[in-house]
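Trainee: Could you have a look at this structure, given as structure tokens, before my questions?
Please treat every number below as a calculation from the coordinates, not as lab data. Source: prediction; values computed, not measured.
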Amino acid sequence: MFESLKISNLPPYAKLFVGLFTTLMLCVCAWTILILYVQEGMISEEDVPAYVTEPYGEAEPADSSDDETEIGETENELSSERFERNVKLAHTHINGQTLLFFAIGFVFLFTSVKPKLKKTVLWVFGLSIFVHAFGLAGQHFHWFYDDILAISGFLILGSIAYMSFVIYVNLLEKPADSL
């Protein structure tokens, strides 16, 4: 059934929609990488625009010296709070990433990629989302969770980038005469 339906055979307005959708998906990937760069301190404060560093409401800066003494006293409480935060973050991510998986995966079904490769890409993407949620839940508790979080995040972004590339290539193809 899907073999007869191809992106290259879509009318121009549908190709526009698919192209814009794919571009927005790549923006999601780019934004994710930007968040990583900011979190890891890879972007200096001089590179951050002033409107980002000056919030509407002035928040009191956190005093890190007091935090160190409190961590020793309430480590179990902080661990349970951190785990709860991680599980909530994992829940949010698995919801959003599943939506991304469905959206771009559905468009990817109509590409000219061989069925076996489609299955492989979709399996890698889907399993990476599950592993990513697992890694988020255990983030900062053990190096294993941090590593699988990084690897699965790379596989998710790589899957989206590959599917987007194939979709763009199919958008540029001329329609088949057999439609």
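Trainee: Quick check: residue separation of E40 and L99 times 0.36 nm, minus the Cα distance between them. What number comes out in nm?
Mentor: 18.6 nm
Trainee: Send over the semi-axes of the stretch 81-179's equivalent ellipsoid, whole angstrom and largest first, taken as the square roots of 5 times the C-alpha gyration tensor eigenvalues.
Mentor: 33, 12, 9
Trainee: Taking a threshold of 26 Å on the Cα-Cα distance, which of the pairs K15/K88; K114/K174; K88/K114; K6/K119; K118/K174 fall above it?
Mentor: K15/K88; K88/K114
Trainee: When the chain is fully extended, how far beyond the present Cα-Cα distance does F130 get from F154, taking 0.36 nm per residue of separation?
Mentor: Separation in residues times 0.36 nm, less the Cα-Cα distance, equals 7.3 nm.
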